[in-house]
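K.L.:
Below is the structure I would like to discuss, written out as structure tokens.
A short reminder: the numbers here are calculations on the coordinates, not readings from a lab. Since we're looking at a predicted model, the values are computed, not measured. Neighbour counts run over all protein chains shown; Cβ positions are idealised from the backbone, glycine included.
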């Protein structure tokens, strides 16, 4: 894959893996409204993934579509950031991940609306409207849990503390980003960081929480170095196509 | 084909599609929901409401079946993402159909972020504006769950988008 196809692949993988993770909550969330919310966010992410991965397959030009990329790649070929593959943990940990990711995604998609790749621009313009709902949902819950009981606060703090180490990777740039930026297709992710921090700090202040202590950043997802968790996620998500290759219904 | 018959075909296709219901909200047609963007001589262009809306595939199938059944098997269906669908494209008739079906329609101009979710929904049962949001995410991607404090009925509200 060339840099532009890889750029689309990374966008798609982030959405796909987060969508799959969130769908694990379906039927298990603490309340019906939460169950509906998380399932809806999952659905939006999977929808974005379909568009981005179809595009990556087209740009690659080897006859692979979004389904082939989702279901017939091995773990080391996935390019999602480590944040989205983190286990759901308890509800607070899930919400912590959503807070960090959705605000990033909303800023990213807003910037990508100006992409010279018309398909990426169109997907971003459409998806950003959904992503703003996700960011609001996560922010509301961080405030509710953080400024809630001793128990909910302790869990919110622990959830943020776990997820925080994966935030740096969202803004890391490499030669794929450089090539995409040069072509006018990609955006400077590092430049989104200040706005992201402002948003996160505002939510944390509302939630009476402090920023988690800085940690050494954990990165590597973009080049296929994943945590053990992703393999388990894929074994579930890809089961049917692995057991019955090419199955359709 | 003469220009005259091409125009009448377009009108006929529009009339056919105006009878194709949305699979999730059968009270409203795909035309009134703003899903059908353009009807040209050989092509119908549609746009999905939400990126991940599972009804997107069913909608395309329903449109295909309606076209095939009415002698337009040669008319292609194209999907476009841009410009992104907005609730402002729901027609006045679509809004009334939604209300009659028990779903509070989105206010016009609601697609702009500043208006999002800030106005109280009008209860489709009793018309009261004394309502509250229970959950911003509802039974489908396009709906939020609300409750009327006047008549105590819960109801769906079409999300501003």
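K.L.:
Suppose R0 equals 56 Å; then what is the FRET efficiency for residue A:194 and residue B:96 from their Cβ-Cβ distance, rounded to the nearest 0.05?
P.N.:
Values: r = 46 Å, r/R0 = 0.83.
About 0.75, to the nearest 0.05.
K.L.:
Only residues of region A:128-151 count here: report those whose backbone N is under 11 Å from the spot 7 Å along Cα→Cβ of residue A:201, or say none.
P.N.:
From region A:128-151, the list is empty.
K.L.:
Once you sort the root eigenvalues of the Cα gyration tensor of region B:92-158 as a ≥ b ≥ c, which label holds: rounded (a/c under 1.5), prolate (a/b larger than b/c) or oblate (the other case)? Present the calculation step by step, with values, prior to reporting the outcome.
P.N.:
Numbers: a/c = 1.38, a/b = 1.17, b/c = 1.19.
Taking the square roots of the gyration eigenvalues as a ≥ b ≥ c, region B:92-158 is rounded.
K.L.:
Looking at the square roots a ≥ b ≥ c of the eigenvalues of the Cα gyration tensor of the protein assembly as shown, which shape do they give, rounded for a/c under 1.5, prolate if a/b is larger than b/c, or oblate? Spell out each step's value before the answer.
P.N.:
Working: a/c = 1.90, a/b = 1.23, b/c = 1.54.
Since a/c reaches 1.5 but b/c is at least a/b, the shape of the protein assembly as shown is classed as oblate.
K.L.:
Sticking with this structure for a sec: Assuming R0 = 35 Å, what is the FRET efficiency of residue B:76 and residue A:144, from their Cβ-Cβ distance, to the nearest 0.05?
P.N.:
On the way: r = 49 Å, r/R0 = 1.39.
Plugging the Cβ-Cβ distance into 1/(1 + (r/R0)^6) gives 0.10.
K.L.:
With angles folded into 0 to 90 degrees, how steeply does helix B:55-69 sit against the dominant principal axis of chain B? Use alpha carbons for both and round to 10.
P.N.:
That works out to roughly 40 degrees.
K.L.:
Next up: Sorted by packing (mean other beta-carbon atoms within 10 Å per residue), highest first, where do A:36-44, A:193-201, B:58-66 land?
P.N.:
Working: A:36-44: 24.0, A:193-201: 14.9, B:58-66: 16.9.
Averaged packing, sorted descending, gives the order A:36-44, B:58-66, A:193-201.
K.L.:
Angle between the Cα long axis of helix B:3-17 and the longest principal axis of chain B, 0 to 90 degrees, nearest 10?
P.N.:
40 degrees
K.L.:
Quick one: if the Förster radius is 25 Å, what FRET efficiency do residue A:210 and residue A:24 give, using the C-beta to C-beta distance and rounding to 0.05?
P.N.:
Working: r = 29 Å, r/R0 = 1.18.
Calculated value: 0.25.
K.L.:
Where does chain A land at 222 nm, in deg cm²/dmol rounded to the nearest 500, when only DSSP H runs of n ≥ 4 count, each adding -39500 (n - 2.57), divided by all residues?
P.N.:
On the way: 11 runs with 163 residues, N = 249.
About -21500 deg cm²/dmol.
K.L.:
Full extension from residue A:244 to residue A:183: what is 0.36 nm times the residue separation minus their Cα-Cα distance, to one decimal in nm? Provide the component values of the computation, followed by the final result.
P.N.:
Values: separation 61, 0.36 × 61 = 21.96 nm, distance 3.98 nm.
That works out to 18.0 nm of additional length.
K.L.:
Shape of region A:139-244 from its Cα gyration tensor (a ≥ b ≥ c, root eigenvalues): rounded if a/c is under 1.5, otherwise prolate when a/b > b/c, or oblate?
P.N.:
Values: a/c = 2.39, a/b = 1.25, b/c = 1.90.
Oblate is the answer for region A:139-244, as a/c is 1.5 or above yet b/c matches or exceeds a/b.
K.L.:
Roughly speaking, what is the stretch gain from residue A:161 to residue A:228, that is 0.36 nm per residue apart minus the C-alpha to C-alpha distance, in nm to one decimal? Don't skip to the end; give the middle numbers.
P.N.:
Values: separation 67, 0.36 × 67 = 24.12 nm, distance 1.95 nm.
Here the answer is 22.2 nm.
K.L.:
Now, a different point. So which residue, out of B:75, B:28, B:20, gets the largest mean-square fluctuation from a GNM of chain B using Cα contacts under 10 Å as springs?
P.N.:
Comparing B:75, B:28, B:20 in a Gaussian network model of chain B, the most mobile one is B:75.
K.L.:
Averaged over all directions, how much area does the convex hull of the C-alpha atoms of region A:3-243 cover when projected, in nm²?
P.N.:
On the way: hull surface 49.1 nm².
For the Cα atoms of region A:3-243, the hull's average projected area reads 12.3 nm².
K.L.:
Run through the DSSP bridge list for the protein assembly as shown and note the antiparallel percent, rounded to the nearest 5.
P.N.:
Numbers: 13 of 19 bridges.
Around 70 percent of the beta bridges assigned by DSSP in the protein assembly as shown are antiparallel ones.
K.L.:
Given 0.36 nm per residue, what is the gain on full extension from residue B:38 to residue B:61 after removing their alpha carbon distance, in nm?
P.N.:
Working: separation 23, 0.36 × 23 = 8.28 nm, distance 1.72 nm.
Value of the extension gain: 6.6 nm.
K.L.:
Mean residue ellipticity at 222 nm from the helices of chain B, using -39,500 (n - 2.57) per DSSP H segment of n ≥ 4 over the full residue count, to the nearest 500 deg cm²/dmol?
P.N.:
One gets -8000 deg cm²/dmol as the mean residue ellipticity at 222 nm.
K.L.:
A further question on this structure: If you line up the long axis of helix A:228-237 against the longest principal axis of chain A, both from Cα atoms, how many degrees apart are they, to the nearest 10?
P.N.:
Taking Cα atoms only, the helix is inclined about 60 degrees.
K.L.:
Sort out for me the Cα centre separation of region B:70-96 from region A:145-175, rounded to whole Å.
P.N.:
Taking the Cα centre of each part, region B:70-96 and region A:145-175 sit 41 Å apart.
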